[in-house]
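K.L.:
Quick one: the structure is below, and I'll ask about it shortly.
The values are calculated or read from the model by the stated rules, or taken from the named source; none is laboratory data. None of the values given here were measured: they were computed from a predicted structure. Cβ placement follows ideal geometry from the backbone for every residue including glycine, while neighbour counts extend to all protein chains displayed. The protein model used for the area step is the full one, side chains on, heavy atoms only, and it has no ligands, DNA or RNA in it. Shrake-Rupley method; radii C 1.70, N 1.55, O 1.52, S 1.80 Å.
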Amino acid sequence: MITLHVLAQSRALRIVWLLELIGAPYQIKTYARHLETLLAPDELKAVHPLGKSPVIDDDGFVLNESGAITDYLIQTYGGGRFMPERGSQDYWHYQRWLHYAESSLMPLLLLRLVFRKIENAPMPFFVKPVARKISGNVKNGFIEPQAALHLAYVENELNGKDWLISNQLSGADIMMSYPLQAAADRFGLAEYPNIRAYLQRIENDHAYQTAVQKAGGPLLRLDK
């Protein structure tokens, strides 16, 4: 049986969603965040040295990184579902989305989180204006324009489509769910109706709703 190691309120929800979709037997082991740092507890390092989530243990085969986990589960248990035919052009576009979610889009959201924390961090009163100015310059000069560029890109890719690849739900949508939900929290999506509708389709999916219940709630807003 697959054991999914989940850090509470993390992006691991999408792996629970995928497991519900493919119907493979699994169990969830949930770890609470450290109360002060909100980081993973040391217990997760017993599963994987980095102490990150999600991690799967498939009868002794341990794998981390959401994109790799998504690809592995679909190719091993998907029965030909949730991915295009290997070697086709759609397959390579599918792979593009698997990597894009974490390597291109998610870092922008993490940068915004980091600089928001800098602005609110305790510091001497005479340092705070300087820190806020530097943070504001980075956000206004890089993070916000880049986020707008990427969200416009995804918005355009969803024109006339319910899902990203061949208009069918796939691992690409699994991977893109979390960064777009995080973008909705951190940037708002007033200018991106296709993304808003896309996220609504995800949240209306029965398997997704089951995953939310099993994972303990919408795993998003703790690190906003």
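K.L.:
In segment 163-206, what count of residues is obtained for those that are assigned to a helix (DSSP H, G or I), of a type in the set (V, I, T) and either under 19 Å from L73 (Cβ atoms) or open to solvent by 10 Å² or more (accessible area, probe 1.4 Å) (or both)? Break it down stepwise before answering.
P.N.:
Step one: filter segment 163-206 for residues assigned to a helix (DSSP H, G or I), giving 171-186, 193-204, 206.
Applying the additional criterion that residues be of a type in the set (V, I, T) yields 174, 195, 202.
Still in the running and either under 19 Å from L73 (Cβ atoms) or open to solvent by 10 Å² or more (accessible area, probe 1.4 Å) (or both): 174, 202.
Residues meeting the conditions: 2.
K.L.:
A further question on this structure: Given the condition at pLDDT below 75, β-branched (V, I, T) and over 21 Å from Q95 (Cα atoms), answer yes or no: does some residue in segment 138-148 qualify?
P.N.:
Taking segment 138-148 as the starting set, the residues that turn out to be at pLDDT below 75 are 138-141.
So of that shortlist, the ones also β-branched (V, I, T) come out as 138.
Filter again for over 21 Å from Q95 (Cα atoms), leaving 138.
Yes, segment 138-148 has at least one match.
K.L.:
Looking at segment 16-61, which of the residues that are within 24 Å of Y208 (Cα to Cα) and among the charged types (D, E, K, R) is most open to solvent (accessible area, probe 1.4 Å)?
P.N.:
Restricting to residues being within 24 Å of Y208 (Cα to Cα) and among the charged types (D, E, K, R), the top hit is K52.
K.L.:
Go through (1) hydroxyl-bearing (S, T, Y); (2) at pLDDT 95 or above; (3) closer than 24 Å to W17 by Cβ for S53 and report which single condition fails.
P.N.:
Only one criterion is unmet by S53, namely (2).
K.L.:
Only one residue in V154, V127 is of a type in the set (V, I, T), at pLDDT below 95 and open to solvent by less than 60 Å² (accessible area, probe 1.4 Å), so which one is that?
P.N.:
Values: V154 fails: at pLDDT below 95.
Being of a type in the set (V, I, T), at pLDDT below 95 and open to solvent by less than 60 Å² (accessible area, probe 1.4 Å) holds for just one of V154, V127, which is V127.
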